[in-house]
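Notes for the one structure printed next.
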Amino acid sequence: MNREQKAAVIDEIAADIQESEAIFAVDYRGITVAQVAELRGKLRESDATFRVVKNTLTERAADKVDAPQLKELLTGPTALTFVRGDVAAAAKAVSDAQKTTQLLEFKGGIMNGEPLDAAQITAISKLPSREVLYGQLVGVVASPVSGVVRTLNALIQGVAIQLGGVLEKKQSGEIPAGDAPAAAAPAAEDAPAEAEAPPEETEAPAAEATEDTPAAEADTSTTDNDQTDASAAADSTDA
(Lines give C-alpha, C1' and ligand atoms only; values in the text may rest on other atoms or scores of the structure.)
Protein backbone atom coordinates (compact mmCIF):
# COMPACT_ATOMS: atom_id res chain seq x y z
CA MET A 1 0.00 0.00 0.00
CA ASN A 2 1.59 3.28 -1.13
CA ARG A 3 1.36 6.63 0.61
CA GLU A 4 -1.69 7.82 -1.32
CA GLN A 5 -3.60 4.63 -0.60
CA LYS A 6 -2.75 4.90 3.08
CA ALA A 7 -3.95 8.52 3.12
CA ALA A 8 -7.24 7.47 1.52
CA VAL A 9 -7.75 4.73 4.12
CA ILE A 10 -7.00 7.18 6.94
CA ASP A 11 -9.60 9.61 5.55
CA GLU A 12 -12.20 6.82 5.30
CA ILE A 13 -11.61 5.69 8.89
CA ALA A 14 -11.71 9.30 10.11
CA ALA A 15 -15.06 9.77 8.36
CA ASP A 16 -16.36 6.53 9.90
CA ILE A 17 -15.36 7.73 13.37
CA GLN A 18 -17.11 11.08 12.96
CA GLU A 19 -20.32 9.63 11.48
CA SER A 20 -20.74 6.78 13.99
CA GLU A 21 -22.91 6.91 17.08
CA ALA A 22 -20.91 4.05 18.56
CA ILE A 23 -17.71 2.11 17.82
CA PHE A 24 -16.94 -1.38 19.14
CA ALA A 25 -13.40 -2.78 19.15
CA VAL A 26 -12.95 -6.58 19.08
CA ASP A 27 -10.10 -9.03 18.84
CA TYR A 28 -10.55 -10.73 15.48
CA ARG A 29 -7.90 -13.42 15.77
CA GLY A 30 -9.10 -16.82 14.48
CA ILE A 31 -12.15 -15.46 12.56
CA THR A 32 -12.62 -16.84 9.05
CA VAL A 33 -13.53 -14.91 5.92
CA ALA A 34 -16.94 -16.64 5.78
CA GLN A 35 -17.70 -15.73 9.39
CA VAL A 36 -16.74 -12.10 8.76
CA ALA A 37 -19.01 -12.00 5.70
CA GLU A 38 -21.93 -13.39 7.73
CA LEU A 39 -21.37 -10.84 10.51
CA ARG A 40 -21.20 -7.99 8.03
CA GLY A 41 -24.51 -9.06 6.52
CA LYS A 42 -26.21 -8.89 9.95
CA LEU A 43 -24.60 -5.56 10.78
CA ARG A 44 -25.99 -3.96 7.61
CA GLU A 45 -29.48 -4.35 9.08
CA SER A 46 -28.56 -1.85 11.80
CA ASP A 47 -26.54 0.42 9.49
CA ALA A 48 -23.18 -0.74 10.84
CA THR A 49 -19.92 -1.84 9.20
CA PHE A 50 -17.11 -4.16 10.28
CA ARG A 51 -13.56 -3.18 9.32
CA VAL A 52 -10.15 -4.76 9.86
CA VAL A 53 -7.43 -2.12 9.47
CA LYS A 54 -3.87 -1.76 10.69
CA ASN A 55 -3.65 -0.13 14.08
CA THR A 56 -1.17 2.46 12.87
CA LEU A 57 -3.59 3.79 10.25
CA THR A 58 -6.48 3.82 12.75
CA GLU A 59 -4.33 5.76 15.23
CA ARG A 60 -3.58 8.41 12.62
CA ALA A 61 -7.30 8.64 11.77
CA ALA A 62 -8.15 9.00 15.48
CA ASP A 63 -5.60 11.82 15.78
CA LYS A 64 -7.12 13.52 12.75
CA VAL A 65 -10.62 13.68 14.31
CA ASP A 66 -9.47 14.07 17.94
CA ALA A 67 -10.65 10.68 19.28
CA PRO A 68 -7.93 9.72 21.79
CA GLN A 69 -10.22 7.22 23.58
CA LEU A 70 -10.15 5.01 20.50
CA LYS A 71 -6.33 4.85 20.44
CA GLU A 72 -6.30 3.17 23.85
CA LEU A 73 -8.13 0.15 22.38
CA LEU A 74 -5.68 -0.44 19.53
CA THR A 75 -3.51 -3.12 21.08
CA GLY A 76 -3.05 -6.41 19.25
CA PRO A 77 -5.22 -7.48 16.25
CA THR A 78 -8.22 -5.16 16.36
CA ALA A 79 -11.33 -4.92 14.20
CA LEU A 80 -13.77 -2.03 14.54
CA THR A 81 -17.56 -2.03 14.22
CA PHE A 82 -18.80 1.44 13.19
CA VAL A 83 -22.47 1.90 14.11
CA ARG A 84 -24.54 4.66 12.49
CA GLY A 85 -27.96 3.20 13.25
CA ASP A 86 -29.31 0.94 16.00
CA VAL A 87 -26.53 0.57 18.58
CA ALA A 88 -28.26 -2.20 20.56
CA ALA A 89 -28.97 -4.25 17.43
CA ALA A 90 -25.35 -3.91 16.25
CA ALA A 91 -23.99 -4.93 19.65
CA LYS A 92 -26.34 -7.93 19.64
CA ALA A 93 -25.13 -8.98 16.18
CA VAL A 94 -21.50 -9.00 17.37
CA SER A 95 -22.48 -10.72 20.64
CA ASP A 96 -24.34 -13.46 18.72
CA ALA A 97 -21.25 -13.97 16.53
CA GLN A 98 -19.18 -14.33 19.70
CA LYS A 99 -21.46 -17.10 20.95
CA THR A 100 -21.36 -18.88 17.60
CA THR A 101 -17.61 -18.64 16.96
CA GLN A 102 -16.27 -18.34 20.52
CA LEU A 103 -14.21 -15.46 19.10
CA LEU A 104 -14.50 -11.67 18.64
CA GLU A 105 -13.98 -10.73 22.28
CA PHE A 106 -14.93 -7.12 23.07
CA LYS A 107 -12.04 -4.83 23.97
CA GLY A 108 -14.15 -1.75 24.58
CA GLY A 109 -15.59 1.07 22.54
CA ILE A 110 -17.00 4.59 22.30
CA MET A 111 -20.59 5.84 22.26
CA ASN A 112 -21.42 9.51 21.74
CA GLY A 113 -17.82 10.39 22.57
CA GLU A 114 -17.85 8.51 25.89
CA PRO A 115 -15.72 5.40 26.48
CA LEU A 116 -17.33 1.96 26.93
CA ASP A 117 -15.81 -1.13 28.49
CA ALA A 118 -16.52 -4.71 27.41
CA ALA A 119 -19.16 -5.26 30.13
CA GLN A 120 -21.09 -2.16 29.05
CA ILE A 121 -21.15 -3.26 25.41
CA THR A 122 -22.42 -6.69 26.50
CA ALA A 123 -25.16 -4.99 28.52
CA ILE A 124 -26.13 -2.89 25.49
CA SER A 125 -26.39 -6.04 23.39
CA LYS A 126 -29.13 -7.31 25.74
CA LEU A 127 -31.33 -4.24 25.30
CA PRO A 128 -34.38 -4.36 22.99
CA SER A 129 -33.79 -3.06 19.49
CA ARG A 130 -34.81 0.47 18.58
CA GLU A 131 -37.78 -0.85 16.62
CA VAL A 132 -39.04 -2.82 19.63
CA LEU A 133 -38.57 0.18 21.94
CA TYR A 134 -40.56 2.37 19.55
CA GLY A 135 -43.37 -0.18 19.59
CA GLN A 136 -43.38 -0.28 23.39
CA LEU A 137 -43.38 3.50 23.60
CA VAL A 138 -46.32 3.77 21.22
CA GLY A 139 -48.18 1.19 23.29
CA VAL A 140 -47.54 3.11 26.54
CA VAL A 141 -48.67 6.41 25.01
CA ALA A 142 -51.72 4.93 23.30
CA SER A 143 -53.01 2.94 26.29
CA PRO A 144 -54.25 5.89 28.40
CA VAL A 145 -55.84 7.49 25.35
CA SER A 146 -57.70 4.32 24.43
CA GLY A 147 -58.82 3.97 28.05
CA VAL A 148 -60.27 7.48 28.05
CA VAL A 149 -62.06 6.79 24.77
CA ARG A 150 -63.57 3.58 26.13
CA THR A 151 -64.70 5.37 29.30
CA LEU A 152 -66.34 8.19 27.35
CA ASN A 153 -68.09 5.74 25.06
CA ALA A 154 -69.42 3.84 28.08
CA LEU A 155 -70.73 7.06 29.65
CA ILE A 156 -72.42 8.13 26.42
CA GLN A 157 -74.01 4.71 26.02
CA GLY A 158 -75.23 4.80 29.64
CA VAL A 159 -76.86 8.21 29.17
CA ALA A 160 -78.50 7.08 25.94
CA ILE A 161 -79.93 3.99 27.66
CA GLN A 162 -81.33 6.07 30.53
CA LEU A 163 -82.91 8.59 28.19
CA GLY A 164 -84.41 5.78 26.17
CA GLY A 165 -85.94 4.28 29.33
CA VAL A 166 -87.47 7.65 30.33
CA LEU A 167 -88.94 8.07 26.85
CA GLU A 168 -90.49 4.60 26.94
CA LYS A 169 -92.08 5.29 30.35
CA LYS A 170 -93.55 8.57 29.10
CA GLN A 171 -94.96 6.88 26.05
CA SER A 172 -96.47 4.10 28.18
CA GLY A 173 -98.00 6.61 30.62
CA GLU A 174 -95.92 5.64 33.66
CA ILE A 175 -94.50 9.18 33.76
CA PRO A 176 -97.24 11.84 33.11
CA ALA A 177 -96.08 14.45 30.65
CA GLY A 178 -97.76 17.46 32.43
CA ASP A 179 -96.54 16.92 35.99
CA ALA A 180 -93.77 19.48 35.95
CA PRO A 181 -95.89 22.51 34.79
CA ALA A 182 -98.74 21.68 37.26
CA ALA A 183 -96.35 21.67 40.20
CA ALA A 184 -95.21 25.20 39.37
CA ALA A 185 -98.83 26.61 39.33
CA PRO A 186 -99.33 27.15 43.12
CA ALA A 187 -96.22 29.30 43.28
CA ALA A 188 -97.74 31.60 40.68
CA GLU A 189 -101.05 31.85 42.63
CA ASP A 190 -99.30 32.73 45.88
CA ALA A 191 -97.49 35.69 44.35
CA PRO A 192 -100.47 38.18 44.47
CA ALA A 193 -101.09 37.41 48.16
CA GLU A 194 -97.55 38.44 49.03
CA ALA A 195 -97.91 41.59 46.90
CA GLU A 196 -101.06 42.67 48.88
CA ALA A 197 -99.24 42.71 52.23
CA PRO A 198 -97.57 46.15 51.90
CA PRO A 199 -100.92 48.09 51.50
CA GLU A 200 -102.06 46.88 54.96
CA GLU A 201 -98.94 48.38 56.52
CA THR A 202 -99.39 51.72 54.72
CA GLU A 203 -103.00 52.15 56.06
CA ALA A 204 -101.80 52.28 59.67
CA PRO A 205 -100.15 55.73 59.46
CA ALA A 206 -103.32 57.11 57.81
CA ALA A 207 -105.44 55.90 60.72
CA GLU A 208 -103.11 57.49 63.26
CA ALA A 209 -103.26 60.78 61.42
CA THR A 210 -107.11 60.72 61.66
CA GLU A 211 -107.03 60.02 65.39
CA ASP A 212 -104.59 62.88 66.03
CA THR A 213 -106.79 65.49 64.29
CA PRO A 214 -109.12 66.23 67.27
CA ALA A 215 -106.10 66.85 69.47
CA ALA A 216 -104.90 69.47 67.05
CA GLU A 217 -108.33 71.12 67.06
CA ALA A 218 -108.41 71.14 70.88
CA ASP A 219 -105.09 72.92 71.00
CA THR A 220 -106.46 75.55 68.60
CA SER A 221 -109.56 76.25 70.77
CA THR A 222 -107.39 76.64 73.85
CA THR A 223 -105.28 79.23 72.11
CA ASP A 224 -108.40 81.18 71.07
CA ASN A 225 -109.70 81.24 74.69
CA ASP A 226 -106.38 82.57 75.95
CA GLN A 227 -106.49 85.39 73.43
CA THR A 228 -110.09 86.32 74.55
CA ASP A 229 -109.06 86.45 78.22
CA ALA A 230 -106.11 88.66 77.38
CA SER A 231 -108.35 91.13 75.53
CA ALA A 232 -110.79 91.35 78.48
CA ALA A 233 -107.99 92.10 80.89
CA ALA A 234 -106.75 94.91 78.68
CA ASP A 235 -110.23 96.51 78.54
CA SER A 236 -110.57 96.48 82.34
CA THR A 237 -107.22 98.20 82.73
CA ASP A 238 -108.19 101.01 80.37
CA ALA A 239 -111.40 101.56 82.28
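The values are calculated or read from the model by the stated rules, or taken from the named source; none is laboratory data. Because the structure is predicted, anything quoted here is derived from the model rather than measured. Quick reminder, even Gly has a Cβ in these numbers, built from the backbone with ideal geometry, and neighbours come from all protein chains shown. Calculation scope for accessible area: heavy atoms of the full protein, side chains included, ligands and nucleic acids excluded. Shrake-Rupley method; radii C 1.70, N 1.55, O 1.52, S 1.80 Å.
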Filter 42/126; 54/126; 54/107; 71/107; 42/71 down to the pairs with a C-alpha to C-alpha distance above 20 Å, please. 54/126; 42/71
Quick check: convex hull of the Cα atoms in segment 7-96, volume per residue, rounded to a whole Å³? 90 Å³
Mean accessible surface per residue for segment 1-140, computed with a 1.4 Å probe while every protein chain stays in place, in Å²: 57 Å²
Go through 53, 83, 118 and say which Cα lies farthest out towards the positive end of the charge dipole of segment 1-118; charges sit on Cβ, +1 for Lys and Arg, -1 for Asp and Glu. 53
